[in-house]
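First the structure, in the form of structure tokens, and then the observations on it.
The values are calculated or read from the model by the stated rules, or taken from the named source; none is laboratory data. Fair warning: this is a prediction, and the values are worked out from it, not measured in the lab. Neighbour counts run over all protein chains shown; Cβ positions are idealised from the backbone, glycine included.
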Amino acid sequence: MKNLRLAGALCVAIAGTIAGAMSPASAETNIRVGTLRCDVKGGIGLVITSKKDMLCSFRPVNGGSERYVGTIRKFGIDIGATDRAMIGWAVFAPSKGRAKGALAGSYVGATGEATLGVGVGANVLVGGFHRSLTLQPLSLGVQQGINVAAGVADLELRSVH
């Protein structure tokens with residue numbers, strides 16, 4: 001159990017380092033435009049890859065709500081099984097003005113998580129319209145199960161009208 005915790009902490013640290021290297025320089029000048037919260041279905045890590053479906057709600061800073069469905073895929077080390085999880089991101093963009101459904105698109109970034117019973121994970125992603133949006137974890141995502149993962153995450157969001 002001690003080795004699993006150490007491996008998990010290492011995975012999260014590696015993901016944070018990779019995410020820092022992958023984040024665009026302009027992310028520092030972007031404006032927070034809202035919050036994206038997703039309910040991720042549970043699944044099994046297949047050592048090299050995993051795929052999980054999710055339902056998301058985007059809350060812009062100026063009010064309202066938008067719904068999205070998506071799929072998150074992880075490539076790298078992903079061993080174990082998890083129940084459903086909740087993930088929250090702060091959404092940053094170059095400007096406040098954007099059309100409804102503008103979060104739809106592909107995102108890529110670093111991921112790391114460790115779970116033994118209740119665990120944590122973090123995913124920093126860049127993508128969307130012309131790769132101009134940044135999704136930064138509000139806090140670590142919480143999930144249940146037994147799992148260790150580190151690598152690259154690919155997120156596909158689709159707007160629900």
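In region 54-65, the residue that is surrounded by the fewest Cβ atoms within 10 Å (Cβ to Cβ) out of those that are closer than 13 Å to L157 by Cβ and either more than 13 Å from the chain's Cα centre (by Cα) or at pLDDT below 90 (or both) is S57. In a residue-by-residue description of region 34-52, the property of being acidic (D, E) and at pLDDT 80 or above applies to at least one position. Condition (residue is of a type outside the set (G, A, S), within 21 Å of Q136 (Cβ to Cβ) and at pLDDT 85 or above) applied to region 1-24: is it met by at least one residue? Scanning region 1-24, I find no residue that is of a type outside the set (G, A, S), within 21 Å of Q136 (Cβ to Cβ) and at pLDDT 85 or above, so the answer is no. Of the numbered criteria (1) hydrophobic (A, V, I, L, M, F, W, C); (2) surrounded by fewer than 15 Cβ atoms within 10 Å (Cβ to Cβ); (3) at pLDDT 65 or above; (4) out of contact with any Phe, Trp or Tyr (no Cβ under 8 Å at 6 or more places or on another chain), the one V108 fails is (2). Scan region 66-82 and tell me whether some residue there is part of a strand (DSSP E or B), of a type in the set (V, I, T), surrounded by fewer than 22 Cβ atoms within 10 Å (Cβ to Cβ) and modelled with pLDDT under 90. Yes; the residues of region 66-82 include at least one that is part of a strand (DSSP E or B), of a type in the set (V, I, T), surrounded by fewer than 22 Cβ atoms within 10 Å (Cβ to Cβ) and modelled with pLDDT under 90.
Among residues of region 61-74 that are touching a residue at least 40 places away in the same chain (Cβ under 8 Å), those with a beta-carbon under 8 Å from a residue that is among the aromatic types (F, W, Y) at least six positions away or on a different chain give the pairs E66/F58; R67/F58; Y68/F58.
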